[in-house]
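Have a look at the structure below before the remarks.
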Amino acid sequence: METLTALAGGFATALTPTHLLFAFAGCFLGTAVGVLPGIGPALTVALLLPITFQVPATSAFILFAGVYYGAMYGGSTTSILLNTPGESATIITALEGFQMARRGRAGPALATAAIGSFVAGTIATIALTFFAPIVVELALRLGPAEYFSLMVIAFVAVSSVLGASVLRGLTTLFLGLLLGVVGVDLQTGQPRFTFGMIEFLDGIEVTIVAVGLFAVAETLHLATRRKHGEDEILPLSGSLWLSREDWARSWKPWLRGACIGFPFGAIPAGGSELPTFLSYFMEKKLSRQPQQFGQGAIEGVAGPEAANNAAAAGVLMPMLTLGLPTSVTAAIMLSAFQSYGIQPGPLLFVNQAELIWGLIASLYVGNLMLLVLNLPLIGLWVRILKIPQPQLYAGILVFATIGAYGVSNSVIDLLVMYAVGVVGMLMKRYDFPVAPAVIGMILGPLAEQAFRQALTISQGDWTTFVTRPISAVFLAIALALAGGPAVWRAVVMTRRASA
C-alpha cells in the first residue's frame, strides 16, 4: 500500500506540464539517437550533462530516462531497415527484422518491435516499482564491508564480461580507478595525482571524462575509419499493422522476453545483449515453425525487442537502490546524481523520494509516449538515417566542446576531455572496453570509502571482509566471475581436444 501511495505521488510529479515536456523531449531525442548507428544513449546523456546543470534534478532525470528508453525503441529501426544495429542490444533484431523487410514486411516487423517494447517496458517498470522498495530494505541492512564486496562484484563483472579479454577489461578498470582518486584525500587532506595543478584538487569531473570517452572518442574513431559509399535503406511497403496471425505469433514472445530481460538487466554487467540472444534462441526452440528463423520469423523480432526494453528497466533497479550501475548509461546517470550533490544508494528513496518516484512514474508515461511516437513518425526516423555521418559527428564534437567548457569555463577541462578522447579512440581501435573505465571512476571513490570505514569499524582487521557471511558470499561471487571465463575456455578446449 505504501508503494502505491508513493507511486501516486510520483504520477503527481511526472504529470505536471513541465515534466511532461521533458519526458517528451527525452523520448523524441532518445528515439532519434537510437535510430542513428553508432550514437547511443550513453553518448547522448553524456552530452546533455553539461547543459542540464541549471535544470532541476527531477526534470533532468526524467529527460535522461526518456533518452534511455527511447534509444531502446529506436535501435530496432536501423536493424530492420538497414541491417545496421543502432544499439548493440538490437544486433539480434537484425537477423530476422531485415529479412522481413526484404520480403516486404518491414511494417509488421517495426510494429511488433514497438508494441513488444511497450508491453515489456511496462511489465518491467511494474516490477521495478514493487521490487525496488524490497531491495532498498535489504540494502539498508548492509554494512561497509558488504558494500565494498558488492562493488568488487561490479568491478569484476564489467571487466570480465565486457570486451574480448579479462586483462583488457581490468586494465581499463584500473584507468578508471586512477582517474577516480585524483584530488584531495578526504581523510588525510593530502593531494593525490594532482601534479601540482590547482585545477585537479577537486578531482576530475566525471562529465568531462564521459564526454571524452564517448563523444570525442567515437567521433575520432569514425573519422579515422570512415567507410565510403551509402548503405541501402529498404523502403517501407505494405501495411504497417499486424495481421491476426502476427498478433498470435507475437504476444507470447513479448511476455517471455519481458521475463528474461528484467532480471538480466538488474545483475552486474547483465546488460541488454545477453537476454536478447537468450530470447531469440528460446523463441527458435519453442516455435512451431523453426525453419522460418533466418528467413524472417516475426518471433525473432518480438522476443528480443521485448527482452531489450525489459532489461533497460532492470538496469535502473540496482542503480536507484544500491547505487551500482550495470551499464554504461546507468554509470553516466549515476554521475549525474553526484553532480547534483545527491548521494546514490538506498537512502535515495528516503532523502529524494519525490525525485525517485517521479522518475519511476515518468517511465510509465514515457513508454506510452514512445508507442505513440514510433509508428506514426516512422517516415521521420527513416529520413534521419540519411544524415551524412561527417556532418553529424562534426556537430556532436562542437556540441561536446561547448558543453564541456560551459561546465566550469576551464581550458584545462577541455584539454583533459580531448586527451581522454584520444585514449578512448585507441581503446576502441584495439578493442579495450570503455564501460569499466567509467564505472571504475564513479565507484572507485565509493569503494575506497567503504573499505576504509570497514577497517575503521573492525580496528584494522582485514579479515572482516571474509568473516562477515554476506561479504564473504559477495567476494566468492566476484572470484567466480573473475575465473569463470578462463575455466570455461579451458573446459571447451579440453572437450575439443578429446573429441
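Each residue in the stretch 278-315 was checked for being in contact (Cβ under 8 Å) with a residue 60 or more places away in the chain and out of contact with any helix residue (DSSP H, G or I) (no Cβ under 6 Å at 6 or more places or on another chain), and 1 pass. Where helices (runs of 4 or more DSSP H) sit wholly within the stretch 350-436, those with at least 1 residues that are open to solvent by 40 Å² or more (accessible area, probe 1.4 Å), more than 25 Å from ILE51 (Cβ to Cβ) and among the β-branched types (Val, Ile, Thr) occupy 353-374. Within the stretch 156-206, the set of residues being aromatic (Phe, Trp, Tyr) and either within 23 Å of SER408 (Cα to Cα) or not in a helix (DSSP H, G or I) (or both) comprises PHE193, PHE195, PHE200. Selection within the stretch 462-486: residues that are out of contact with any Ser or Thr (no Cβ under 6 Å at 6 or more places or on another chain) and modelled with pLDDT under 70. The member of this set that is farthest from GLY143 (Cα to Cα) is ALA486.
Would you check if there is a residue in the stretch 135-152 being within 30 Å of VAL301 (Cβ to Cβ), out of contact with any strand residue (DSSP E or B) (no Cβ under 6 Å at 6 or more places or on another chain) and modelled with pLDDT under 90? Within the stretch 135-152, none of the residues are within 30 Å of VAL301 (Cβ to Cβ), out of contact with any strand residue (DSSP E or B) (no Cβ under 6 Å at 6 or more places or on another chain) and modelled with pLDDT under 90. Against the test of being assigned to a loop (DSSP other than H, G, I, E, B), out of contact with any Gly (no Cβ under 8 Å at 6 or more places or on another chain) and either touching a residue at least 12 places away in the same chain (Cβ under 8 Å) or crowded, with 24+ Cβ neighbours inside 10 Å (or both), the options PHE11, PHE53 yield a single qualifying residue, PHE53.
Considering the stretch 165-207, the residues that are of a type in the set (Ser, Thr, Tyr) and surrounded by 19 or more Cβ atoms within 10 Å (Cβ to Cβ) include one that is modelled with the highest pLDDT, namely THR172. Exactly one residue among THR112, THR31, THR93, THR78 is over 30 Å from GLN338 (Cα atoms), in a helix (DSSP H, G or I), out of contact with any Pro (no Cβ under 7 Å at 6 or more places or on another chain) and open to solvent by less than 10 Å² (accessible area, probe 1.4 Å), and that residue is THR112.
The values are calculated or read from the model by the stated rules, or taken from the named source; none is laboratory data. No experiment lies behind these values; they were computed from the predicted model shown. Note that each Cβ is placed from the backbone with ideal geometry, even for glycine, and that neighbours are counted across all protein chains shown. Ligands, DNA and RNA are excluded from the accessible area calculation, which covers all protein heavy atoms including side chains. Shrake-Rupley method; radii C 1.70, N 1.55, O 1.52, S 1.80 Å.
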